[in-house]
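Participant: Input: one structure, supplied below.
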Amino acid sequence: MKTVIFIIVCSVIYQLTTQNCEGAVRDSARDIGLLVRTNIGFIMPMNKSQTYNRATDLMYNNLEDYVTFFRIFDATLFFYKYLGVELSWKFSPQNGDWKPGLDNEISTMYPDFYKDYPSLTFDDMKQQNIMFGLNSKIKLANIFIYPRFLVGGTVLAENEAAYELKAKNSNQTYVVSYLQNTSNKFSFTYNAGFSLVYFFLNNVGVNFDFDYYQFYNKMNYEITNTNMVTMEKTKEIFNYSGTKRYFSIGIGLNYFVSFQRSKKKVK
Amino acid sequence: MKKIINIFAGIVFFVLMQSFTCEEPCQIHEPMIYKYIAITTDNLDNNKEYQIVSETNIIYSKAYGIRLTLYTDIHDSVLGYKKDYCYDFSADDSIRVIKIFTLNDFDSEHPKDSEISEFFRFLDYSEVPEFASNVNRRSVRTYLPIKDYSEIIKQESKTFIRKKIEDDFLLFKSPQNLQNHQFRIDIEFYKGRILSGTTPIVNFIE
């Protein structure tokens, strides 16, 4: 890994310090074509939802914590010199940190009960973004800047749980369930951002991504406590609806597939 | 030649698939008739996570239950799920009703020999309805009125048969006097037969 980083850094320094006459050819070759990129980074929430229920806060805020993302697929088709359309898929894996926290919380809330889990829902993906929109290009010295504006959807994971609580020294049992109630699983999302790309090889570059995401998520947690003997239920609702804002930073690689081969041959 | 090999390979594949997927058809037998021959009753202690048969018979009044064990005369070799056999199982007589009596004064309204079935519930297990679509779901304790027991055991015996059937009945009302209690379970069958069992003496604690 160190060797790869060393080669990339050396290559970047070499390219930056060398006036290469072939540069112009390569720049024009990157006008029209397909820009494919992949990267990894961090998503940082700019606002966090909170109610006064610690159990649901743990389950929901886990979706909003600082998290690693992976942009596995991103392709921009530059059909004009300075304009292209981009399609992007980005996801963040979920680590399940909320589960032991919720477990402790239940133990604190119900000290006179034995607890068991009849059900636990846990999605592997914490958050996914599927975006589509416009991308443009600005060349600044040896650096390319790709500003973009995309729209699409955000899908948040479903974290749900149910506990069976058996009273100590008693036949009484309860089931407490924490159900996520989402009216729109796919939240309409805006994304504005830009990438700084430096091509250290002919078609291969390193990118630094800066993105802002905004979406409205309508969601609440419904806590139902069922007395399993009488089947009486009590319900509480904790609302987490609101506008969510995220900032993300990423680093990765770009690859440009040029559609201007004929020009190169003429040159 | 290549065509012949392909056809031959196809036949071999088909035969192999058949041998893996086809079940031997059942030969029809006479239904296997079994009989409930005896019952025993024990005091259950449910003060911990799961109920167990009490060894001391000193039990929290709110964590008391009775374990009913029904014995059938079915042969050991055919125990298990009905679908595993070609036999059809059938009880010679079905349970009509189950009743629980107190053999001591329970409270002012329920003196010695009163029926107190209403204070007990049959312990069953079922899935949490809210999570019916969840693949990780597991069953939780549910408590059914005793009057439903005869129907449940009838349904169960259609798919599963055992030599020894254990079921638990939990008490949801504490007696006024905590000392020296005994309970009797009567199982009445449609043909008029009654099987009875009496629990060991239990001393309740608050």
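Participant: Could you grab me the full set of residues in segment B:135-161 that are surrounded by 15 or more Cβ atoms within 10 Å (Cβ to Cβ) and assigned to a loop (DSSP other than H, G, I, E, B)?
Facilitator: B:ARG137, B:ARG138
Participant: Where residues in segment A:107-130 are away from chain B (no Cβ under 12 Å) and in a loop (DSSP other than H, G, I, E, B), which of them is least open to solvent (accessible area, probe 1.4 Å)? Walk me through it before giving the result.
Facilitator: In the first step, residues of segment A:107-130 are kept if they are away from chain B (no Cβ under 12 Å); the result is A:107-111, A:124-130.
Checking which are in a loop (DSSP other than H, G, I, E, B) leaves us with A:110-111, A:124.
Numbers: A:TYR110: 48, A:PRO111: 78, A:ASP124: 114 Å².
Only one residue tops the list, namely A:TYR110.
Participant: Report, by residue number, each residue of segment A:58-98 that is touching a residue at least 60 places away in the same chain (Cβ under 8 Å) and part of a helix (DSSP H, G or I).
Facilitator: Within segment A:58-98, A:MET59, A:TYR60, A:TRP98 qualify.
Participant: Kindly provide the set of residues from segment A:180-202 that are of a type in the set (A, V, I, L, M, F, W, C) and part of a strand (DSSP E or B), ordered by number. Walk me through it before giving the result.
Facilitator: Filtering segment A:180-202 for residues of a type in the set (A, V, I, L, M, F, W, C) gives A:186, A:188, A:192, A:194, A:196-197, A:199-201.
Within segment A:180-202, A:PHE186, A:PHE188, A:ALA192, A:PHE194, A:LEU196, A:VAL197, A:PHE199 meet the criteria.
Participant: To continue, here is another question. Does A:ASN169 satisfy the criteria of being part of a loop (DSSP other than H, G, I, E, B), modelled with pLDDT of 90 or more and surrounded by 15 or more Cβ atoms within 10 Å (Cβ to Cβ)?
Facilitator: Details: part of a loop (DSSP other than H, G, I, E, B): yes; modelled with pLDDT of 90 or more: yes; surrounded by 15 or more Cβ atoms within 10 Å (Cβ to Cβ): yes.
Taking the combined requirement at face value, the residue satisfies it.
Participant: Is it the case that A:PHE200 is more than 14 Å from every other protein chain (Cβ to nearest Cβ) and surrounded by 18 or more Cβ atoms within 10 Å (Cβ to Cβ)?
Facilitator: Details: more than 14 Å from every other protein chain (Cβ to nearest Cβ): yes; surrounded by 18 or more Cβ atoms within 10 Å (Cβ to Cβ): yes.
For A:PHE200, the condition - more than 14 Å from every other protein chain (Cβ to nearest Cβ) and surrounded by 18 or more Cβ atoms within 10 Å (Cβ to Cβ) - is met.
Participant: Does at least one position in segment B:193-205 carry a residue that is in contact with a His (Cβ under 8 Å, 6 or more places away or on another chain), within 14 Å of chain A (Cβ to nearest Cβ), closer than 26 Å to A:MET228 by Cα and not aliphatic (A, V, I, L, M)? Step through it out loud before you land on a result.
Facilitator: Start the filter on segment B:193-205 by keeping residues that are in contact with a His (Cβ under 8 Å, 6 or more places away or on another chain), which leaves B:201-204.
Pick out the ones that are also within 14 Å of chain A (Cβ to nearest Cβ) and you get B:204.
From what's left, closer than 26 Å to A:MET228 by Cα: B:204.
If we keep only those that are not aliphatic (A, V, I, L, M) as well, we get B:204.
Among the residues of segment B:193-205, at least one is in contact with a His (Cβ under 8 Å, 6 or more places away or on another chain), within 14 Å of chain A (Cβ to nearest Cβ), closer than 26 Å to A:MET228 by Cα and not aliphatic (A, V, I, L, M), which makes the answer yes.
Participant: While we're looking at this one, here's another question. Can you say whether B:ARG184 is open to solvent by 40 Å² or more (accessible area, probe 1.4 Å), among the basic types (Lys, Arg), assigned to a strand (DSSP E or B) and out of contact with any helix residue (DSSP H, G or I) (no Cβ under 9 Å at 6 or more places or on another chain), as far as the supplied structure shows?
Facilitator: Values: open to solvent by 40 Å² or more (accessible area, probe 1.4 Å): yes; among the basic types (Lys, Arg): yes; assigned to a strand (DSSP E or B): yes; out of contact with any helix residue (DSSP H, G or I) (no Cβ under 9 Å at 6 or more places or on another chain): yes.
So B:ARG184 fits the description; yes.
Participant: A:ASN135 passes all but one of (1) open to solvent by 20 Å² or more (accessible area, probe 1.4 Å); (2) over 17 Å from the mean Cα position of the chain (by Cα); (3) touching a residue at least 40 places away in the same chain (Cβ under 8 Å); which number fails?
Facilitator: Here A:ASN135 meets the rest and fails (1).
Participant: Looking at A:GLN180, is it more than 14 Å from chain B (Cβ to nearest Cβ), on the phi < 0 side of the Ramachandran plot, open to solvent by 20 Å² or more (accessible area, probe 1.4 Å) and of a type in the set (S, T, N, Q)?
Facilitator: On the way: more than 14 Å from chain B (Cβ to nearest Cβ): no; on the phi < 0 side of the Ramachandran plot: yes; open to solvent by 20 Å² or more (accessible area, probe 1.4 Å): yes; of a type in the set (S, T, N, Q): yes.
When the stated conditions are applied, A:GLN180 does not pass them.
Participant: Only one of these is modelled with pLDDT under 90 and buried (at least 16 other Cβ atoms within 10 Å of the Cβ): A:SER258, A:SER248, A:SER262. Name it.
Facilitator: Answer to the selection: A:SER258.
The values are calculated or read from the model by the stated rules, or taken from the named source; none is laboratory data. Just so it is clear, the model here is predicted, and its values are computed rather than measured. Note that we place each Cβ from the backbone using ideal geometry, even for glycine, and neighbour counts take in every protein chain shown. For the accessible areas, the whole protein counts, side chains as well, though only heavy atoms, and no ligand, DNA or RNA atoms are used. Shrake-Rupley method; radii C 1.70, N 1.55, O 1.52, S 1.80 Å.
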